[in-house]
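The values are calculated or read from the model by the stated rules, or taken from the named source; none is laboratory data. Because the structure is a prediction, the values reported are computed rather than measured. Backbone-built Cβ (ideal geometry, glycine too); neighbour counts: all protein chains shown. SASA here: full protein model, heavy atoms, side chains in, ligands and nucleic acids out. Shrake-Rupley method; radii C 1.70, N 1.55, O 1.52, S 1.80 Å.
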Amino acid sequence: MKFTVLSLFPEILQGFFDSSIMAKAVEKGTVEYELVNIRDYAFDKHKTCDDAPYGGGAGMVMKPEPVALTLDAVGAADKKTIYMTPSGRLFNQAIAEELASEKEIVILCGRYEGVDQRVIDAYIDSEISIGDYVLSSGETASLVVIDAVYRLLDGVINSESLEEESFSTGLLEYPHYTRPETFRGMKVPEILLSGHHANIQKWRRGKSLEKTKKNRPELLAKAEISEKEIEIIGEIEKSGD
Ligand code: SAM
């Protein structure tokens, strides 16, 4: 899969592609990427990419011509093209899974007050927000999307890890522990040392329910939960957690 990212500051993104699991995915050829500097397509001698908004108001707007020329240069018209914006559709695991089936995604990163609307109208298939807050740039937002998507590609992460993760089951994930058995007086739950696989699974499922109930109760309404588990949630409620 290829990620083509259009940005005024592509250097922000480079380190991500050069590091850790992503670097391995690039080396194996599972991921290809191209970072394109929008400023290279600005045509005046100062390489201007922003201008004041029509109608007045605060801030600057990314000019349409350099952005459109950059999108043309990467063939965005024939590719899945995303604009990172706080006014977009809220990103989640289901959207990450949808995007992971694409051959290539072109991601446009905004700056200032954002990009001239005419470019969005002409080129963008999907506007995506990573959350209900405003960042200063689309680069950090694009990394969130890229990270959530590429790790779903075959061979990047052990598929067993993906199956049990938060959101894949509709619930949040259970807590994890590793050596040492006792850390600053706190012991690993006994059940995890028992070697009894079925009981461990049961305990983990209970912890998933408990954590989801505590941190994201709205997810429980959509998750696949058995009658018995509804009782467990009732008990968690009664215990006042
Ligand atoms: N004027 C815009 C608004 O109020 O919706 C905010 C612009 S923001 C300062 C600059 C850029 O950061 C945006 O064009 C977008 O690319 C990116 N950005 C900021 N917050 C974001 C979010 N929650 N999700 C995705 N992109 C975001």
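At full extension, residue 216 and residue 200 could sit 3.5 nm farther apart than now, given 0.36 nm per residue minus the alpha carbon distance.
What whole-number distance in Å separates the alpha-carbon centres of the range 45-115 and the range 183-222? Here the two parts' Cα centres lie 41 Å apart. Which net charge results when you count Lys and Arg as +1 and Asp and Glu as -1 among the other residues whose beta-carbon is under 9 Å from that of residue 204? For residues surrounding residue 204, the net value is +1.
Cα gyration tensor of the range 111-154, axes a ≥ b ≥ c as square roots of the eigenvalues: rounded (a/c below 1.5), prolate (a/b > b/c) or oblate? In terms of gyration-tensor shape, oblate. Placing +1 on the Cβ of every Lys and Arg and -1 on the Cβ of every Asp and Glu, with no other charges, gives the chain a dipole of roughly 680 debye about its Cα centre.
On average, how much accessible surface per residue is there in the chain, in Å², for a 1.4 Å probe, leaving out ligands, DNA and RNA?
59
Less than 11 Å Cβ to Cβ from residue 116, Lys/Arg counted +1 and Asp/Glu -1: what total charge do the surrounding residues give? The answer is -3.
Less than 11 Å Cβ to Cβ from residue 181, Lys/Arg counted +1 and Asp/Glu -1: what total charge do the surrounding residues give? Charge balance in the 11 Å sphere: +1. Dipole of the range 2-159 computed with +1 at Lys/Arg Cβ and -1 at Asp/Glu Cβ about the Cα centre; of 130, 15, 120, farthest Cα towards the positive end is 15.
Across the options 159, 183, 236, the greatest Cα extent toward the positive end of the charge dipole of the chain (unit charges at beta carbon of Lys, Arg, Asp, Glu) belongs to 183.
Multiplying the residue separation of residue 158 and residue 137 by 0.36 nm and removing their Cα-Cα distance gives an extension gain of 4.4 nm. Note on the range 166-239: with charges restricted to the Cβ of Lys and Arg (+1) and Asp and Glu (-1), its dipole about the Cα centre is near 300 debye. Amide H contacts for residue 63 (H built 1.01 Å from N in the peptide plane; partners 5 or more residues away or on another chain; cut-off under 5 Å): 50, 51. So if we plug the beta-carbon distance of residue 14 and residue 226 into 1/(1 + (r/R0)^6) with R0 = 45 Å, what FRET efficiency do we get, rounded to 0.05? In this case the efficiency is close to 0.45. Its DSSP H runs of at least 4 residues, each contributing -39,500 (n - 2.57), put the calculated 222 nm mean residue ellipticity of the chain at -11000 deg cm²/dmol, to the nearest 500.
For the listed peptides 109-116, 29-36, a ranking on the average number of other beta carbons within 10 Å per residue, highest first, reads 109-116, 29-36.
For the chain, what % of the accessible area comes from carbon and sulfur atoms, probe 1.4 Å? Heavy-atom surface of the chain belonging to carbon and sulfur, 1.4 Å probe: 50 percent. Working from Cα pairs under 8 Å separated by at least six residues, relative contact order for the chain is 18 percent.
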